[in-house]
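**Q** Starting off with a structure, shown below.
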Amino acid sequence: DAGVIQSPRHEVTEMGQEVTLRCKPISGHDYLFWYRQTMMRGLELLIYFNNNVPIDDSGMPEDRFSAKMPNASFSTLKIQPSEPRDSAVYFCASSRQGVVKTQYFGPGTRLLVL
Amino acid sequence: TQLLEQSPQFLSIQEGENLTVYCNSSSVFSSLQWYRQEPGEGPVLLVTVVTGGEVKKLKRLTFQFGDARKDSSLHITAAQPGDTGLYLCAGAGGSQGNLIFGKGTKLSVKP
């Protein structure tokens, strides 16, 4: 079975450019999460969706960040305009509804903003 | 705000040594999970503990959930270089679908 799929795996861009990260969750999972990981701050939850509806976006740093989930099998995280401080590894994860909320992570997108 | 604090932040040991890492909070969690993350990959679930006082073993790894369901520990016996990685604990707080992650313990086991 395919796990969570993320693309691209690596992205290098210049400050001010738009960046779009993509995620395909595991089929049948009800929840989708976007995280950012840095050495300084660890794994930070940015936003999560339940049945394609955004539930909590309090972790989104600022208006430059936006996320969408147009259907159960696809989500995007967009940064516009990008800044050097956005450089990090961005993870997408999905999980099923239930008491035990095991999250399955994708391989991540390593973003470098110059 | 629910927080999980992990200690130590970094740990470097020789192959064959034993170690324990800790995950503490002032909040009660309905369940707690441990994940391991290897370089260049996403975190992968190791174990879930649900009942206060519960102990689970996974080969050389022993996981314990505190009686009050506020803390947990991970003990590794006779560590091997393959145990190297970032160990993250994560708590489920209630009806919400998200997990609260600690910042992790970065373990390096030298041959």
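The values are calculated or read from the model by the stated rules, or taken from the named source; none is laboratory data. It should be emphasised that the depicted structure is a prediction, and the values quoted were computed from it without experimental measurement. Heads up, the Cβs are rebuilt from the backbone with ideal geometry, glycines too, and the neighbour counts pull from every protein chain shown.
**Q** I'm checking my understanding of the structure. Among residues of the stretch A:1-50 that are facing another protein chain (nearest Cβ under 10 Å) and in a loop (DSSP other than H, G, I, E, B), which one is farthest from B:F10 (Cα to Cα)?
**A** A:D30
**Q** What about B:G85, is it surrounded by 21 or more Cβ atoms within 10 Å (Cβ to Cβ), at positive phi and either within 14 Å of chain A (Cβ to nearest Cβ) or modelled with pLDDT of 95 or more (or both)? Steps first, answer last, please.
**A** Details: surrounded by 21 or more Cβ atoms within 10 Å (Cβ to Cβ): no; at positive phi: yes; either within 14 Å of chain A (Cβ to nearest Cβ) or modelled with pLDDT of 95 or more (or both): yes.
No.
**Q** Further, regarding this structure: Would you confirm whether any residue within the stretch B:53-76 is within 14 Å of chain A (Cβ to nearest Cβ), touching a residue at least 12 places away in the same chain (Cβ under 8 Å) and surrounded by fewer than 19 Cβ atoms within 10 Å (Cβ to Cβ)?
**A** For the stretch B:53-76, residues within 14 Å of chain A (Cβ to nearest Cβ), touching a residue at least 12 places away in the same chain (Cβ under 8 Å) and surrounded by fewer than 19 Cβ atoms within 10 Å (Cβ to Cβ): absent.
**Q** Sort out for me the strands (runs of 3 or more DSSP E) sitting completely within the stretch B:64-108 that have 3 or more residues that are of a type in the set (A, V, I, L, M, F, W, C).
**A** On the way: elements: B:71-76, B:85-92, B:99-101.
Filter on the stretch B:64-108 gives B:85-92, B:99-101.
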